[in-house]
1. Quick check on region 55-86: of everything there that is surrounded by 10 or more Cβ atoms within 10 Å (Cβ to Cβ) and of a type in the set (V, I, T), which residue is farthest from the chain's Cα centre (by Cα)?
2. Take residues that are touching a Pro at 6+ places or on another chain (Cβ under 8 Å) and among the hydrophobic types (A, V, I, L, M, F, W, C) and tell me which of the strands (runs of 3 or more DSSP E) falling wholly in region 94-168 contain 1 or more.
3. Having 1 or more residues that are closer than 24 Å to E132 by Cβ, modelled with pLDDT under 90 and of a type in the set (G, A, S) is the bar; report the strands (runs of 3 or more DSSP E) wholly within region 1-72 that clear it.
4. Does Y123 fit the bill of being of a type outside the set (V, I, T), at pLDDT below 90 and within 24 Å of N77 (Cβ to Cβ)?
5. Filtering region 103-129 down to residues that are in contact (Cβ under 8 Å) with a residue 60 or more places away in the chain, within 21 Å of E36 (Cβ to Cβ) and out of contact with any His (no Cβ under 8 Å at 6 or more places or on another chain), which residue is surrounded by the most Cβ atoms within 10 Å (Cβ to Cβ)?
6. Sort out which residues of region 117-134 are farther than 23 Å from E161 by Cα and hydrophobic (A, V, I, L, M, F, W, C), and write them in order of number.
Amino acid sequence: MSYPASLMSTAASASPSMSTVPPYGLAMRFRVTVDEINLGLWSGCKGLEVKLAVKKVTSGGDYSTEQILPEQVSYSNIKLQRAVHPTDSITVKNWLQEKVTQWMNWSGSGDIYPGGTATITLYGAQGTKVMEWDLTGVYPVSWSGPELEANKKDVAIETLELAHQGFLTRTSGTSL
């Protein structure tokens with residue numbers, strides 16, 4: 001999948017030598033899909049990180065070194081932001097409605113509710129895919145709409161927060 005042609009035309013006109021630009025990812029060019037539903041382009045993504053907690057222990061009688069033991073791998077929630085969009089924002093609303101309906105009708109018979117999947121795709125200056133993060137066990141945590149005030153001229157911003165269980169893959173194919 002390449003970046004939308006409408007956005008590429010403005011980038012291409014900015015510099016006549018775009019072919020010499022290294023294929024670095026640009027922080028303002030990324031797309032999000034959740035459960036194979038394209039939620040569109042976003043202007044902000046925070047929390048794309050993994051934390052590896054360790055425990056330091058000392059051995060009796062050895063006062064010069066500490067042993068480091070792995071303890072826990074954890075992931076921060078992803079917080080996405082963008083201007084309200086006439087079609088992409090409706091797609092997000094419909095996806096959230098589907099999730100709420102699934103949660104309310106979940107019988108599960110004691111089974112854990114399965115989270116979804118999400119992909120954050122980062123694009124470069126030439127619209128080529130630079131990097132992807134495939135998130136597993138994705139759950140919507142919150143959505144907030146714009147603050148609407150008649151005396152302001154701000155862009156109407158929506159925020160979507162997603163919890164997830166990871167984007168690093170174990171050798172068995174499941175995420176850590």
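1. T58
2. Numbers: elements: 116-124, 129-144, 157-163.
Per the criteria, 129-144, 157-163.
3. Working: elements: 25-34, 37-41, 44-46, 50-57.
Once the strands (runs of 3 or more DSSP E) in region 1-72 are filtered for at least 1 residues that are closer than 24 Å to E132 by Cβ, modelled with pLDDT under 90 and of a type in the set (G, A, S), what remains is 25-34.
4. Judged against the criteria, Y123 is a match.
5. From region 103-129, those in contact (Cβ under 8 Å) with a residue 60 or more places away in the chain are 116-129; that's our starting set.
Imposing the further condition that a residue be within 21 Å of E36 (Cβ to Cβ) reduces the set to 116-123, 129.
When the remaining residues are screened for being out of contact with any His (no Cβ under 8 Å at 6 or more places or on another chain), the result is 116-117, 119-123, 129.
Numbers: G116: 20, T117: 16, T119: 16, I120: 21, T121: 19, L122: 19, Y123: 25, K129: 17.
Only one residue fits best here, namely Y123.
6. Just the residues of region 117-134 that are farther than 23 Å from E161 by Cα, to begin with: 124-130.
A125, V130 - these are the residues of region 117-134 that are farther than 23 Å from E161 by Cα and hydrophobic (A, V, I, L, M, F, W, C).
The values are calculated or read from the model by the stated rules, or taken from the named source; none is laboratory data. The structure presented is a predicted model; accordingly, all values stated were derived computationally and were not measured. So basically every Cβ, Gly included, is an ideal-geometry build from the backbone, and we count neighbours across all protein chains shown.
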